[in-house]
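Each value in this text was obtained by applying a stated rule to the coordinates, not by laboratory testing. Since this is a predicted model, take the numbers as computed values, not measurements. Note that we place each Cβ from the backbone using ideal geometry, even for glycine, and neighbour counts take in every protein chain shown.
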Ligand code: CP
Ligand code: NVA
């Protein structure tokens, strides 16, 4: 099991559409228990930002594969004292088999990847959150049987999660609509990349109108209004994002069988109401569980587990 052996995953666009389907297929098999892979390798976690799901799901996945995990807390390693990434990367490369990094600047991931020979995984940056979207697509596939022809509407800040969703949906044959306030829309480079991947087969739409975007959607998705590193902007963003709240009124515009996703952690009564996240259309707990299955499939593919 190693179609991606030795590769990096810095962006969802590092995968081809076929490779994405293979990971999703393997994730479903691992979840069902119809495949059992073993891989006695060492995963390093280097997280410059907080994490519950990504940290624990990567760790659990690696232990279930028979491997080991090292938590490289930046505060107790030399990285927070200014050791260059180029040096850290070449040293960690000698000890570890694979390294998942959560950081701010995408360029730091690229520097790690250029100096380390082992696979580098983006465990969230300000630009993207590819591992999250593997689990999101798995959850959608479980809910609807097939991804083809679905429409996902993301309502909120057009940053990391929205970017990876746009790329992942375009790659998986899912129409994607992003509704964000002006000045908080996805980066034009990502919109262009997603549009090129979709190649006219599915729609890639960015709008400021959450109601129009939600119309007939099969998946309604949101994320926090102030991401990690933007805590001081949280208060001032509330009035700007208020019209983009995922609530029962907005959900009314979606397809009757629509599901609601949120990458978590959630701020209830901000980007999503309690009634919706706890309601019958919410799939957020399955979505969180799938982080472990999807990342196990990713680890197995990058490491060549058998
Ligand atoms: N969704 C997600 O990445 O959660 P954590 O920040 O808890 O890892
Ligand atoms: N956009 C959020 C996602 C958290 C999983 C953040 O970057 O903080």
_Relative contact order computed over segment 1-109 (Cα-Cα under 8 Å; 6+ residues apart), in percent_ = 31 percent
*With a/c under 1.5 counting as rounded, go ahead and sort segment 1-50 into rounded, prolate or oblate using the C-alpha gyration tensor (a ≥ b ≥ c being the square roots of the eigenvalues; past the cut-off, prolate if a/b is larger than b/c, else oblate).*
oblate
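Tell me the relative contact order for the chain as a rounded percent, counting alpha carbon contacts under 8 Å between residues six or more apart.
24 percent
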*asked:* Per residue, how big is the convex hull of segment 115-218 when only Cα atoms are used? Give it in Å³.
replied: 112 Å³
*For helix 106-115, report the angle its Cα long axis makes with the longest principal axis of the Cα atoms of the chain; keep it between 0 and 90° and round to the nearest 10°.*
20 degrees
*Give the distance, in whole Å, between the Cα centre of segment 125-160 and the Cα centre of segment 167-237.*
10 Å
*Where does helix 160-172 land angle-wise versus the long Cα axis of the chain, in degrees 0 to 90, nearest 10?*
90 degrees
*Percent of alpha-carbon pairs separated by more than 23 Å within segment 59-149*: 35 percent
*Before rounding to the nearest 500, sum -39500 (n - 2.57) across all DSSP H runs of length at least 4 in the chain and divide by the residue total; then give [θ] at 222 nm in deg cm²/dmol.*
-12500 deg cm²/dmol
*With a ≥ b ≥ c the root eigenvalues of the C-alpha gyration tensor of segment 180-306, is it rounded (a/c under 1.5), prolate (a/b larger than b/c) or oblate?*
rounded
*Convex hull over the Cα atoms of the chain, averaged projected area in nm²?*
14.7 nm²
_Exposure proxy order (Cβ contacts within 10 Å, fewest to most) of 129, 25_ = 25, 129
*Between the helical axis of 130-144 and the dominant principal axis of the chain, each derived from Cα atoms, what acute angle in degrees is found, rounded to the nearest 10?*
50 degrees
_If I take all pairs of Cα atoms in segment 250-299, what percentage of them are more than 18 Å from each other?_
37 percent
*Could you estimate the translational diffusion coefficient of segment 38-99 from the Stokes-Einstein equation, with Rh from the Kirkwood formula over C-alpha pairs, at 37 °C and 0.692 mPa s, in whole µm²/s?*
266 µm²/s
*Based on the Kirkwood radius over alpha-carbon pairs, what value in µm²/s does the Stokes-Einstein equation return for the translational diffusion coefficient of segment 1-84 at 25 °C and 0.890 mPa s?*
164 µm²/s
